[in-house]
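For reference, the structure discussed in these notes is given below.
Computed from the coordinates by the stated procedures, all read-outs in this text should not be read as laboratory data. Computed from a prediction, not measured in an experiment: that's the story for all the values here. Here the Cβ positions follow ideal geometry from the backbone for every residue, glycine too, while neighbour counts run over all protein chains shown.
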């Protein structure tokens, strides 16, 4: 069994731009900041892909990705889960037009269906397009961080592929997860 997720990964220039914006500000909060090298938008997640199902999953993800067309995106604005007053997660929003939002929703639905049909138990939470920036040890008010992020607008890019990523808990630097890209799948 392998812990995996399907992700939309921003390009290096988008990551560098947001990282530069946050670099001078991170020390102001003792949060568990995510590392820019692992920034991604999770489209589907499962804690247990049976090893025997991996080939089937890859075929199904390739098919699901091919059914969707590329989307223009940018990182712009911020938010918090479950709410800025009692946040546990601070995130950057993804900005796109209505057609792009619909396409992202359908892409996430297709990726989740591919995982389920390949025999994995998919996380059933509603898809909410975001990029996790920090996790908090306990609930905290991050309203000022959300306001700060609301002033951020990164460069636009075209999402034209998704990645299947294996997540190996505790194997990365400082006991963080180590992410390994298993495959990439072109949209359209």
Return the distance in nm (one decimal) between the two label points of a simple spin-label model at residue 33 and residue 52, each offset 7 Å from Cα along Cα→Cβ.
-> 4.6
Per GNM of the chain with C-alpha springs under 10 angstrom, the most fluctuating residue out of 93, 178, 74 is 178
Set the Förster radius R0 to 25 Å, insert the Cβ-Cβ distance between residue 69 and residue 12 as r into 1/(1 + (r/R0)^6), and round the FRET efficiency to 0.05.
-> 0.60
When the label point is put 7 Å from the Cα of residue 85 along its Cα-to-beta-carbon vector, which residues of region 126-162 have a backbone N closer than 15 Å?
-> 139-144
Could you list, bin by bin from short to long, the percent of Cα-Cα pairs of region 71-110 in 5 Å steps?
-> 6, 23, 19, 20, 20, 11, 2
Binned at 10 Å starting from 0, the alpha-carbon pair-distance distribution of the chain in whole percents comes out as 9, 36, 37, 17, 2
When 112, 86, 126 are ordered from fewest to most other Cβ atoms inside 10 Å of their Cβ, what list results?
-> 126, 86, 112
Cα gyration tensor shape for region 64-167, rounded if a/c is under 1.5, else prolate or oblate = oblate
Considering the chain as a Gaussian network with a 10 Å cut-off on Cα pairs, which listed residue, 136, 18, 75, attains the greatest mean-square fluctuation?
-> 136
Could you work out the equivalent-ellipsoid semi-axes for region 1-63, taking the square root of 5 times each eigenvalue of the Cα gyration tensor, largest first, in whole Å?
-> 32, 15, 7
Here D for region 120-188, in µm²/s, from Stokes-Einstein with a Kirkwood Rh over Cα pairs at 37 °C and 0.692 mPa s, works out to 206
Between residue 184 and residue 141, with labels modelled 7 Å along Cα→Cβ, what's the label distance in nm to one decimal, could you check?
-> 4.4
